[in-house]
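The values are calculated or read from the model by the stated rules, or taken from the named source; none is laboratory data. The model shown is predicted, which means the values in this text are computed figures rather than measured ones. Neighbour counts are summed over all protein chains in view; Cβ atoms, including those assigned to glycine, are modelled from backbone coordinates with ideal geometry.
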Amino acid sequence: MKTEVKKTEGNKREISIEVTGDIVKNKFEDVFTRITKDAKVAGFRPGNAPRDIIEKNFSQSAHEMVLKELVPELYNQALEKEGLDTIELPEIYDVKLEKDSLSFKAKVELWPDIPVKDYKGIKIDYAKPSVSADELKRSLDSIKEAHKVASLDDNFAKGLGYPNLGELEAALEKQIYLQKENSQRQKTEQEIVENISKGLDFKIPKSLVDRQLADMVRQTKVDLALKGVPRETIDAKEKDFTKELLPEAEKQVRVYLILAAVAKKENIPMDDHMPHHVMEFLLKNADWQVK
């Protein structure tokens, strides 16, 4: 297999791939053997039609099957041979297939090289969340206003599913605590990412931003529809909220790429759970300062 890689723009590459001889011949042979077993040809039982008739009647099908099976196989071999780490599926073009040769080109975009460092031992100031009497009172007052009651007592607590007012207060205190804990966790994760991101300058692949933006726009349209906003109104405003969402899409992709760079250095699997597993790794290896 002959391969040639040309740099086109930024992290984009054009890969030229060519194979000749047995690789193509054997694939055609395998494909025609499979076609022969199932082909229905007038005057012959399945599997007994002469090869020349099979080739004449099913040449287009065989051609398509060879391309469908051989192109992805050779493309992946080329990536491995050239040591290329691509982001999205390739754009395949200039495909030329003969009985004993196959050549094609693939446009790809590579992961940016992000030199992450000093991501272990990041200092984290941790203060255990607490719920003040005033916070609890404000929460109780909100419930009181929402239900338009003169006073909160055991009877009212029972109506909400608690045996007495004390248990209701305990449940509210726990709820406030968990909200604070979750907020603190998000703040800690944000600080870790900001710490790792310092000094990193790299170009964010447009293809990833476009995909993330499309997902965010689609979700926004769904959310608006669920709120009862007419479809015509949503469509009319799509350009506006697409523009508004772009910076956030770019930010999310940047964070994802930084976490992915850590994942590659630490051999963390690049699956759908990668961001969570990387953050878990960073938190475990942080320098916790408990106050």
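Let me confirm something: among Asp215, Asp210, which residue is farther than 30 Å from Lys284 by Cβ and out of contact with any Asp or Glu (no Cβ under 8 Å at 6 or more places or on another chain)? Step through it out loud before you land on a result.
Details: Asp215 fails: farther than 30 Å from Lys284 by Cβ.
Step by step, each of Asp215, Asp210 is checked, and only Asp210 is farther than 30 Å from Lys284 by Cβ and out of contact with any Asp or Glu (no Cβ under 8 Å at 6 or more places or on another chain).
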Exercise. Kindly list the number of the only condition in (1) out of contact with any Lys or Arg (no Cβ under 6 Å at 6 or more places or on another chain); (2) modelled with pLDDT under 95 that fails for Ala106.
Key: (2)
Quiz item: Any residue at all in the stretch 169-183 that is more than 30 Å from Ala286 (Cα to Cα), over 38 Å from the mean Cα position of the chain (by Cα) and surrounded by 15 or more Cβ atoms within 10 Å (Cβ to Cβ)?
Solution: yes
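Restricting to the stretch 126-155, give me the number of residues that are surrounded by 11 or more Cβ atoms within 10 Å (Cβ to Cβ) and charged (D, E, K, R).
Residues flagged as surrounded by 11 or more Cβ atoms within 10 Å (Cβ to Cβ) and charged (D, E, K, R) within the stretch 126-155 amount to 7.
Can Ile17 be described as in contact with a strand residue (DSSP E or B) (Cβ under 6 Å, 6 or more places away or on another chain) and not acidic (Asp, Glu)?
Working: in contact with a strand residue (DSSP E or B) (Cβ under 6 Å, 6 or more places away or on another chain): yes; not acidic (Asp, Glu): yes.
Answer is yes for this residue.
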Practice problem: Those residues that are among the aliphatic types (A, V, I, L, M) and modelled with pLDDT under 95, I need them from the stretch 197-213; list them, please. | Solution: Leu200, Ile204, Leu208, Val209
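What's the total number of residues in the stretch 197-222 that are farther than 16 Å from Ile114 by Cβ and hydrophobic (A, V, I, L, M, F, W, C)? Let's see the steps before the verdict.
Step one: filter the stretch 197-222 for residues farther than 16 Å from Ile114 by Cβ, giving 206-207, 210-222.
Now drop any that are not hydrophobic (A, V, I, L, M, F, W, C), which leaves 213-214, 216-217, 222.
Counting residues in the stretch 197-222 that are farther than 16 Å from Ile114 by Cβ and hydrophobic (A, V, I, L, M, F, W, C) gives 5.
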Quiz prompt | Residues within the stretch 1-25 that are of a type in the set (S, T, N, Q) and either at pLDDT 95 or above or within 14 Å of Glu91 (Cα to Cα) (or both), tallied | solution = 3
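Output the residue which, of all residues in the stretch 121-160 that are in contact with a strand residue (DSSP E or B) (Cβ under 9 Å, 6 or more places away or on another chain) and either assigned to a helix (DSSP H, G or I) or charged (D, E, K, R) (or both), is farthest from Ile176 (Cα to Cα).
Just the residues of the stretch 121-160 that are in contact with a strand residue (DSSP E or B) (Cβ under 9 Å, 6 or more places away or on another chain), to begin with: 121-128.
Next cut, either assigned to a helix (DSSP H, G or I) or charged (D, E, K, R) (or both) only: 123, 125, 128.
On the way: Lys123: 26, Asp125: 21, Lys128: 13 Å.
Only one residue tops the list, namely Lys123.
Quick one: how many residues across the stretch 266-284 are more than 21 Å from Leu208 (Cα to Cα) and surrounded by 13 or more Cβ atoms within 10 Å (Cβ to Cβ)? Walk me through how you get there before you give the answer.
In the first step, residues of the stretch 266-284 are kept if they are more than 21 Å from Leu208 (Cα to Cα); the result is 266-267, 280-284.
Filter once more, keeping what is surrounded by 13 or more Cβ atoms within 10 Å (Cβ to Cβ): 266, 281-283.
Here the count works out to 4.
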Quiz item: Counting only residues that are of a type in the set (A, V, I, L, M) and under 14 Å from Met279 (Cβ atoms), how many does the stretch 182-206 have?
Solution: 3
Self-check item: Filter result for the condition that a residue is touching a residue at least 24 places away in the same chain (Cβ under 8 Å), hydroxyl-bearing (Ser, Thr, Tyr) and either assigned to a helix (DSSP H, G or I) or buried (at least 16 other Cβ atoms within 10 Å of the Cβ) (or both), over Thr220, Thr233
Solution: Thr220
